[in-house]
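One structure is given here, and the rest of the page talks about it.
A short reminder: the numbers here are calculations on the coordinates, not readings from a lab. From a predicted model like this one, the values you see are computed outputs, not experimental measurements. Methodologically, a virtual Cβ is constructed for each residue, glycine included, from the backbone with ideal geometry; neighbour enumeration extends over all protein chains shown.
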Amino acid sequence: MLKRKFFIIMTVLIFIFVLLSCKGEPGAAGDKGTTGPAGEAVIMMMFQDGVYPSDGYTGTKDTYIVKGHQEKNYGTCIYLNVSNMYCLFQIYRTLLRFDLSSIVPSNVKVKKAYLELYVKDAVGPIDFVVYELTTNFDEGTNCNLSGSASWTSPTASTTWTTPGGDFNTTAISNIVSNLNNPVVFELNPSVVQKWINDPSQNYGMIIMTYPETYGSSCMGSEFASSEYTNPFERPKLVVYYTLP
């Protein structure tokens, strides 16, 4: 009886093995699917005095302006300052521009852009935001001496329409806390696109606390400027783009 059961079980197993191992001839290949679109090659370029795109780059123009020192220029200082309205000399704002002419052709498509500032001193927490300047400015050749740009004048021969800088009141960045280091702003790519397409429209940026009336005591940050001794901590702009 056991032999018979064993024989039946073995017969069933052999039958299953034969069924599983049998393979028919392969059928004809199906129709080829449609070809998907080619992926875009994204290029990254960085701008930082003495570092990117090369150690010969000197296209950063930066200074800060102070409401309580309306005629003073800080263009050669190693620090940039941004503060609210409760500091000793009231409001501090930073002006910053990058020469983007090395991005060619000028009709590239900007995908993302980031501004990085390295904090050297901070009191807060307080937030910052970036606006687009609408008037050209000179960096100046002074540090805490009379000159331009200043709170009243973007250049030696002109004055701001509104003291403290002429800018579009729609922010071109996200709001970022001074507790971060570096402080990284994501910029509106369409604005950076405009600067590349038409360099004559690249007046740069103005960085302010958000809002400048925040708090009841002095709060803000001191950032490394393009004159700072460590070139890797100078202001840096990172642009991601594709070719046309």
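Summary table
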quantity	calculated
Computed log₁₀ I(q)/I(0) - Debye formula, equal Cα scatterers, no solvent, the stretch 94-188, q 0.11, 0.12 Å⁻¹	-0.43, -0.51
Inter-site label distance for PHE89 and SER106 at 7 Å from Cα along Cβ, in nm	3.7
Spacing of the two label points (7 Å from each Cα toward its C-beta) at THR229 and ASP55, in nm	1.9
Entries in LYS67/LYS236; LYS72/LYS120; LYS61/LYS194; LYS61/LYS236; LYS72/LYS236 that, when Cα-Cα distance is taken, lie over 20 Å	LYS67/LYS236; LYS72/LYS120; LYS72/LYS236
Cα-Cα pairs of the stretch 81-242 separated by more than 24 Å (percent)	35
Computed P(r) (all Cα pairs; the stretch 164-227; 5 Å bins; percent)	3, 12, 22, 22, 22, 12, 5, 2, 0
Burial order of peptide ranges 190-201, 111-122 (average beta-carbon count within 10 Å, highest first)	111-122, 190-201
The stretch 124-143 versus the stretch 192-244: alpha-carbon centroid distance in Å	7
